[in-house]
Each structure stands twice: as structure tokens, then as C-alpha cells.
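Here is the structure we will look at, set down as C-alpha cells.
Every number here is computed from the coordinates shown, using simple stated rules; none is lab data. Here the structure is a predicted model, which means the values were calculated and not measured. Cβ placement follows ideal geometry from the backbone for every residue including glycine, while neighbour counts extend to all protein chains displayed.
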Amino acid sequence: MKFIHTADWHLGKLFYGEYLTEEQEWLLKNQFLPLVDEEKPDVILLAGDVYDRSVPPAEAVELFDEMISEITGKRKIPFIVISGNHDSAERLSFASRILRGTGLFLCGDLYHTLEPVILKDDDGEVAFA
């Protein structure tokens, strides 16, 4: 199974009083999504620190929502997202059970994500835990 492993997006990062959301958006749209299109992975993993703080700015949430739509909606690629120490695990887990059916696997609160995500390809099943 081919996958792209990424982490530490830190969306909504504040740097010397300025939010980096515009720069982060440029990188995701002009570097990351073209890489996804070129590599055509079977799954994308985002392992921690989606946001830079537990209550991110609205623009950061909007950017993440747009990336979810691009990955799972437009490209139909399963997207496994794990909360990190900068995220609020409870907030990131919101609606995670119903979103699994769309290919979005939000693994925030450990007590709600004890079961592995099982995906299949031509070679069989792969468990992500």
C-alpha cells in the first residue's frame, strides 16, 4: 500500500505577531496537493499537530476543511488524522464516527480510537493503529 506520511502542519501558527495561514495555504495547495496528484497514494496520514493550538483561528479551521475536501472529496483518498500535543483531541474527534464513511479518519480522543483503521488494497488488508 502506498501512502504519504505527513505531520506537524501547525495550521494557524503565530510567528512574531503574524499568522502564517496564508503561507501554509500556499504550501499545501502548490506543493502538497501536486505531490499527492503525482504520487497517487492509497492513503494519506497526518500524524499530529494539525493545528498550532487547541483552539485554532477560524482561518486555520477553514484551511483544514478545504484540505479534507480536496483529499477525501475530490481525490477520494482516505485521510487518517491523528491529534498531537498542540491539538485538542476532543475537538479534533468531533463527528469522527460518522466521517469514517467518507474516508476521513479523525483519531483524536484515544478512548474513541482504540480500534485500528483497516484499509484494503490489491495485496490485502493494512491496519493503521
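Model label sites at Glu59 and Ala129, defined 7 Å from Cα along the beta-carbon direction, differ in position by 4.1 nm. Among Asp49, Asp109, Asp65, the residue with the largest mean-square fluctuation in a Gaussian network model of the chain, with springs joining Cα atoms closer than 10 Å, is Asp65.
Relative contact order for the chain using alpha-carbon pairs under 8 Å, separation at least 6, rounded to a whole percent?
Numbers: 213 pairs, mean separation 30.5, N = 129.
Relative CO of the chain lands at 24 percent.
So, how do all the Cα-to-Cα distances of region 24-94 break down into 10 Å bins, in percent, from 0 on up? Pair shares across the bins are 19, 54, 26, 1.
As a test of the formula, what do you get for the chain when each DSSP H run with n ≥ 4 contributes -39,500 (n - 2.57) and the sum is divided by the residue count, at 222 nm and rounded to the nearest 500 deg cm²/dmol?
Numbers: 5 runs with 33 residues, N = 129.
Mean residue ellipticity at 222 nm (helix-derived): -6000 deg cm²/dmol.
Residues of the chain were split at every exposed loop site, defined as trypsin sites (Lys or Arg not before Pro) in a DSSP loop with at most 10 other C-beta atoms within 10 angstrom, and the longest piece left, sites excluded, is 3-75. Out of [x] 49, 36, 19; [y] 48, 35, 25; [z] 42, 36, 24, which label holds the value of Cα extents along the principal axes in Å that was computed here? Answer by label: [x].
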